[in-house]
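S.K.: Take this structure, written in structure tokens, and hold onto it; I'll ask about it next.
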Amino acid sequence: MAEHPAYPVGLRLAGRRVVVIGGGQVAQRRLPALIAAGADVLLVSPSATPSVDAMAETGEIRWERRRYEDGDLAGAWYALIATQNREANDRASAEAERERVWCVRADDASAATAWTPATGRVDGVTVAVLTGNDPRRSAAVRDAVVEGLRDGSLVSTRRRAHAPGVALVGGGPGDPDLITVRGRRLLAEADVVIADRLGPRDLLDELPPHVEVIDAAKIPYGRFMAQEAINNALIEHAKAGKAVVRLKGGDPYVFGRGMEELQALAEAGIPCTVVPGISSSISVPGAAGIPVTHRGVAHEFTVVSGHVGPDDPRSLVDWASLAKLTGTLVILMGVDKIGLIAEALIRHGRPADTPVAVVQEGTTATQRRVDATLATVGETVRAREVRPPAVIVIGAVVTVNAPTA
């Protein structure tokens, strides 16, 4: 029998009797999957690990606190034998053979009638790998396949009803490795991608040739404002039955106008999935060696949009109150207004020598950091020709790990 490979099969155990003999570490690892499968699990063991005990306490399994007895496998569809008593394991295995119950043995795979594969689950797909008597290799192959499905490098074309739908995906601060696993998977499944200028552009090169990529910055606006044109493009392609991904930089809801797009889609009756992204407000400072909080230095951080200046009547920011805070101030979209912002903060009481760092194109290969103070940052940014996108960090955290000259 050892010369023949195992025949792979998926067991549907929902509502069916499964007997687990032994309540140790093996049972602790295997029980969650049996519970998730909906099995009617009976545990037979005089003792159990705390985790297994908790499963019994919550009613996920039934537990008879005793040793195995002949007849315990009657009516079972599947059995897991995992005690440390070889004699008991042999007797239970023999009963399984007589009763024609598929049986896994933790102590002796050669004596079992079934083997447990290394399994993983990704977005409705179950990956199960068997390599005979080499569980480490099984796990390694499983991990490689699961990781590929998760990050989109291994594309599994799913059978999809072409109902209109859009995913608003936060692409992170720029480094393609910092997009979420779910975001990358949705990109791999897209028919149309409408991308922001600040999204992770390198990921677009990985898309299959049939995927239509639309640069949101180049959508012809006509009589519409830019955002209205983008909304219309999302609606148009979704109504055509395509899977649409709106790839945005950072997080869709952090100065990303993601809610405006979601509202437009809702009004058009189009379902929308929102996938959060890593915001540049914390990731870019971190990539430049700046913690936005640090014990004994800053117990708070505030994220502010600087796209309009402090004296602009459209500004919704209370700069006077911000100047009184002692924590970290992170400013996005404020490169061209940083001189005016710094002046307002100083005018309202923030010390002129407060450290400032400006991080341009953070997390990318062209990242650079420029340090200054509130008093000098306006001139420094002009002299060093700092350009957007850049994240500005104001506060004592800037000097916690400041680069040496």
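S.K.: For region 256-265, just list the computed ³J(HN,Hα) in residue order, Karplus coefficients 6.51, -1.76 and 1.60, θ = phi - 60°, integers in Hz, with x standing in for Gly and Pro.
M.R.: Per residue, the Karplus-derived 3J(HN,Hα) values read x, 6, x, 5, 4, 5, 4, 5, 5, 5 Hz.
S.K.: Quick one: compute the contact order of the chain, relative version, from alpha carbon pairs under 8 angstrom and 6+ residues apart, as a percent. All intermediate terms of the calculation are to be shown ahead of the outcome.
M.R.: Numbers: 778 pairs, mean separation 41.7, N = 405.
It rounds to 10 percent for the chain.
S.K.: Shape of region 1-141 from its Cα gyration tensor (a ≥ b ≥ c, root eigenvalues): rounded if a/c is under 1.5, otherwise prolate when a/b > b/c, or oblate?
M.R.: Numbers: a/c = 1.56, a/b = 1.17, b/c = 1.34.
In terms of gyration-tensor shape, oblate.
S.K.: Return the single residue from L11, L80, L34 with maximal mean-square fluctuation; model: Gaussian network over the chain, springs between Cα atoms under 10 Å.
M.R.: Maximum among the listed residues: L11.
S.K.: Please list 3J(HN,Hα) in residue order for region 303-316, calculated via the Karplus relation 6.51 cos²θ - 1.76 cosθ + 1.60 where θ = phi - 60°; whole Hz, with x for glycine and proline.
M.R.: 10, 10, 7, x, 6, 10, x, x, 8, 6, x, 7, 5, 9
S.K.: Follow-up. Does region 13-89 classify as rounded, prolate or oblate by the C-alpha gyration tensor (a ≥ b ≥ c root eigenvalues; a/c under 1.5 gives rounded; else a/b over b/c gives prolate, otherwise oblate)? If you can, show how the numbers build up before the last one.
M.R.: Working: a/c = 1.63, a/b = 1.13, b/c = 1.44.
Oblate, because a/c is 1.5 or more while a/b does not exceed b/c.
S.K.: Sticking with this one: Sequence-distant or interchain residues sharing an amide H contact under 5 Å with V213, placed H: which?
M.R.: V193
S.K.: Any idea what angle helix 135-151 forms with the longest principal axis of the chain, computed on alpha-carbon atoms, 0 to 90 degrees, nearest 10?
M.R.: Between the helix axis and the principal axis of the chain, the angle is about 40 degrees.
S.K.: Which of S138, S283, S45 ends up with the largest GNM mean-square fluctuation for the chain, with Cα atoms connected below 10 Å?
M.R.: Of S138, S283, S45, the Gaussian network model singles out S45 as fluctuating most.
S.K.: Sticking with this one: Stretch K324-E385 to full length: gain in nm at 0.36 nm per residue minus the Cα-Cα span? List each step's numbers first, then the result.
M.R.: On the way: separation 61, 0.36 × 61 = 21.96 nm, distance 2.96 nm.
Value of the extension gain: 19.0 nm.
S.K.: Still on this structure, I have one more. Hey, can you grab everything whose amide H is under 5 Å from the amide H of A167? Only 5+ residues off in sequence or another chain; H modelled, so Pro and N-termini drop out.
M.R.: V244, V245, R246, T273
S.K.: List the residues whose amide H sits under 5 Å from the amide H of T354, counting only those 5 or more places along or on another chain, with H placed 1.01 Å from N in the peptide plane.
M.R.: Here L374, A375 satisfy the definition.
S.K.: Right, something else. I'd like to know which of T119, G306, I341 lies farthest towards the positive end of the charge dipole of the chain, counting +1 on Cβ of Lys and Arg and -1 on Cβ of Asp and Glu.
M.R.: Going by the Cα projections, it comes out as T119.
S.K.: Determine ³J(HN,Hα), in whole Hz, for all residues of region 368-381 in sequence, where each value follows from phi through the Karplus function 6.51 cos²θ - 1.76 cosθ + 1.60 and θ = phi - 60°; x replaces Gly and Pro.
M.R.: Per residue, the Karplus-derived 3J(HN,Hα) values read 8, 10, 10, 9, 7, 10, 4, 5, 10, 5, x, 5, 4, 4 Hz.
S.K.: Specify which labelled value, from (1) 21.8; (2) 25.7; (3) 23.3, agrees with Kirkwood radius over Cα pairs in Å derived from the coordinates of the model shown.
M.R.: Computing Kirkwood radius over Cα pairs in Å and matching it to (1) 21.8; (2) 25.7; (3) 23.3 gives (2).
S.K.: In square nanometres, what is the average projected area of the Cα convex hull of region 305-405? Don't skip to the answer; put the middle values down first.
M.R.: Details: hull surface 25.3 nm².
That works out to 6.3 nm².
S.K.: If I model a spin label as a point 7 Å beyond the Cα along the Cα-Cβ vector, how far apart are those points for Q227 and R62 in nm?
M.R.: Distance between label points: 5.9 nm.
S.K.: In what sequence, highest mean first, do 386-392, 226-232 appear when ranked by Cβ atoms within 10 angstrom?
M.R.: My ranking of the peptides, most packed first, is 386-392, 226-232.
S.K.: Moving on to the next point. Rounded, prolate or oblate: which one fits region 231-276, using the alpha carbon gyration tensor with axes a ≥ b ≥ c (rounded when a/c is under 1.5, else prolate when a/b beats b/c, else oblate)?
M.R.: Values: a/c = 2.15, a/b = 1.63, b/c = 1.32.
Prolate is the answer for region 231-276, as a/c is 1.5 or above and a/b outweighs b/c.
S.K.: Report the Cα centroid-to-centroid distance between region 283-338 and region 125-141 in angstrom, as an integer.
M.R.: 49 Å
S.K.: Let me ask something else. Is it possible to state the helix-based mean residue ellipticity at 222 nm for the chain, with each DSSP H run of 4+ residues giving -39500 (n - 2.57), the sum divided by total residues, to the nearest 500 deg cm²/dmol? What is it?
M.R.: Values: 11 runs with 114 residues, N = 405.
Calculated mean residue ellipticity at 222 nm is -8500 deg cm²/dmol.
S.K.: To the nearest 10 degrees, how steeply does helix 25-36 sit against the main Cα axis of the chain, on a 0 to 90 scale?
M.R.: 80 degrees
S.K.: OK, next. Among the aspartates and glutamates, which have Cα under 15 Å from the Cα of K337 when same-chain residues fewer than 8 positions away are ignored?
M.R.: Output for K337: D311, D312, E379, E385.
S.K.: Let me ask something else. Can you give the angle from 0 to 90° between the axis of helix 86-99 and the longest principal axis of the chain, with both taken from C-alpha atoms, to the nearest 10?
M.R.: Roughly 80 degrees, rounded to the nearest 10.
S.K.: Output the peptides 144-150, 119-125 sorted from most to least packed, where packing is the average of other Cβ atoms within 10 Å over each peptide's residues. It would help to have the intermediate numbers written out before the result.
M.R.: Working: 144-150: 17.0, 119-125: 13.6.
Ranking, from highest mean packing down: 144-150, 119-125.
Taken together, the values in this text are just the output of simple stated rules run on the coordinates, not laboratory data. The structure displayed is predicted, hence computed values, not measured ones. Every residue, glycine as well, gets a Cβ built from its backbone with ideal geometry; the counts of neighbours run over all protein chains shown.
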